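Okay, structure first, notes after.
Nothing in this text is a laboratory measurement; each read-out follows from the coordinates by a stated rule. For clarity, every value in this text was computed on a predicted model and none was experimentally measured. For neighbour counting, all protein chains shown are included, and Cβ atoms are generated from backbone atoms with ideal geometry for every residue, glycine included.
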Amino acid sequence: MNSASVISVVGPTGTGKSALALSLAEILDGEIVNADSMQFYRGMDIGTAKVSVAERRGIAHHLLDILDVTEEASVSDFQRQARQAIAEIQGRGKRAILVGGSGLYVRAVLDVLEFPGTDPRIRQRLEVEAEAHGMAELRARLQRVDPASAERVADDRRVIRALEVHEVTGKPFSSFMPVREYIQPTVQIGLDIPRPVLHERLSTRVNQMVDQGLADEVERLDQRGLRTGKTAGRALGYAQFLRVLDGEATVAAAAEETIIATRQFARRQSTWFRADPRIRWLDPREDDVVDQAAALCL
């Protein structure tokens with residue numbers, strides 16, 4: 001494998017991606033580019049398991065803390081920013097290590113992927129329609145004009161985006177889906193562990209987040225507009241603990257809801273990444289996992 005290739009560390013949440021990326025960066029003289037869409041947000045630290053400055057071992061990290069919680073994350077913006085960061089890292093003679101579990105964001109950076117244009121007026125009209133009449137009518141419309149996307153898209157925002165793309169371009173949203181073709185030499189390393197073990201890890205991690213002050217973090221961010229953010233306000237843990245602030249749930253209940261939601265999210269991540277045959281899978285519990293990963297990158 002080309003020693004100048006991009007390295008990408010992927011897999012479900014809670015599998016140790018950040019720790020492996022740090023070790024690889026030390027061994028390979030690398031810099032890290034974040035591909036966890038929730039770690040874009042300033043102040044969302046505990047609930048996203050963001051690596052603190054003290055924990056970064058002096059290794060440069062890029063695309064952390066780039067948005068306020070009221071701003072909406074954009075895959076196309078991230079694609080441009082991450083590719084620029086990678087080019088600059090390579091220009092310094094270092095290895096770029098993309099790390100995170102946001103599948104589409106990862107593929108947007110690594111693979112040939114064109115993003116269709118946007119039209120805020122069309123999107124606003126569709127959002128007004130959804131508010132007035134509900135999503136059923138919009139979903140039925142998407143089924144008529146783009147059945148492939150209708151089958152694939154579950155999130156309301158993505159339904160609206162798919163309809164917007166169809167109106168703007170005259171093409172189905174599904175036609176813009178990425179193909180498995182790297183834009184430059186790439187090594188993808190996946191971390192995963194058996195489901196029961198991961199479930200236990202995620203339960204422990206959420207409880208640790210609660211002990212570290214997740215509720216206080218959510219309260220601080222609420223004062224900065226967290227619940228108005230279309231992306232940040234729906235993040236795992238944050239949405240659940242906003243209900244604690246509103247008196248709708250206890251801390252224990254919010255923690256349990258977060259554990260369940262995180263396990264479901266991890267399952268979706270595993271399904272997404274397992275579909276990519278290019279990823280080399282490792283077990284992070286093995287003592288020599290860092291050596292195995294480094295050997296793949298040489």
*Normalised contact order of the chain, rounded percent, pairs of Cα under 8 Å and 6 or more residues apart*: 29
_If the elastic network links every pair of Cα atoms under 10 Å, which of Gly43, Gly213, Gly101 fluctuates the most in the Gaussian network model of the chain?_
Gly213
*Which ordering of Phe78, Phe40 is given by a fewest-first count of other beta-carbon atoms within 10 Å?*
Phe78, Phe40
_Counting other C-beta atoms within 10 Å, and keeping those with at most 15, which DSSP coil GluC sites (Glu not before Pro) do you find in the stretch 86-142?_
Glu114
_Give me the one-decimal nm value for the distance between modelled label points at Arg195 and Val179, 7 Å along each residue's Cα-to-Cβ direction._
3.4
*asked:* For Arg180, Arg224, Arg201, which order do you get if you count the other beta carbons within 10 Å of each Cβ and list the fewest first?
replied: Arg180, Arg224, Arg201
*Evaluate the distance, in nm, between pseudo-label points positioned 7 Å from the Cα of Glu55 and of Glu114 along their respective Cα→Cβ axes.*
4.1
*asked:* Relative contact order for the stretch 176-298: what percent, with Cα pairs under 8 Å and sequence separation of 6 or more?
replied: 38
_Taking the beta-carbon count within 10 Å as an exposure proxy, list Trp272, Trp281 from fewest neighbours to most._
Trp281, Trp272
*asked:* Ratio of alpha-carbon Rg to the 2.2 N^0.38 Å globular estimate for the stretch 163-298, to two decimals, please.
replied: 1.37
*Springs between alpha-carbon atoms under 10 Å, Gaussian network over the chain: tell me which of Arg234, Arg92, Arg42 tops the mean-square fluctuations.*
Arg92
*Identify the GluC sites (Glu not before Pro) of the stretch 1-80 meeting these criteria: DSSP loop state and at most 13 other C-beta atoms within 10 Å of the C-beta.*
Glu72
_Solvent-free Debye scattering, log10 I(q)/I(0), computed from the Cα coordinates of the stretch 120-176 at q = 0.13 Å⁻¹_ = -0.26
*Between the alpha-carbon centers of the stretch 240-280 and the stretch 165-193, tell me the distance in whole angstrom.*
24
*Partners for Lys171 among aspartates and glutamates (Cα-Cα distance below 12 Å; same-chain residues under 8 apart left out)*: Asp146
_On a straight-distance basis, which lysines could pair with Lys94 in a cross-link, Cα separation under 26 angstrom, same-chain partners fewer than 8 positions away excluded?_
Lys17, Lys50
*Rounded, prolate or oblate: which one fits the stretch 195-269, using the alpha carbon gyration tensor with axes a ≥ b ≥ c (rounded when a/c is under 1.5, else prolate when a/b beats b/c, else oblate)?*
prolate
*Go through the stretch 167-258 and name the GluC sites (Glu not before Pro) that are in a DSSP coil and have 14 or fewer other Cβ atoms within 10 Å of their Cβ.*
Glu181, Glu248
*Restricting attention to the alpha-carbon atoms of the chain, what are Rg (one decimal) and Dmax (integer), both in Å?*
19.7, 56
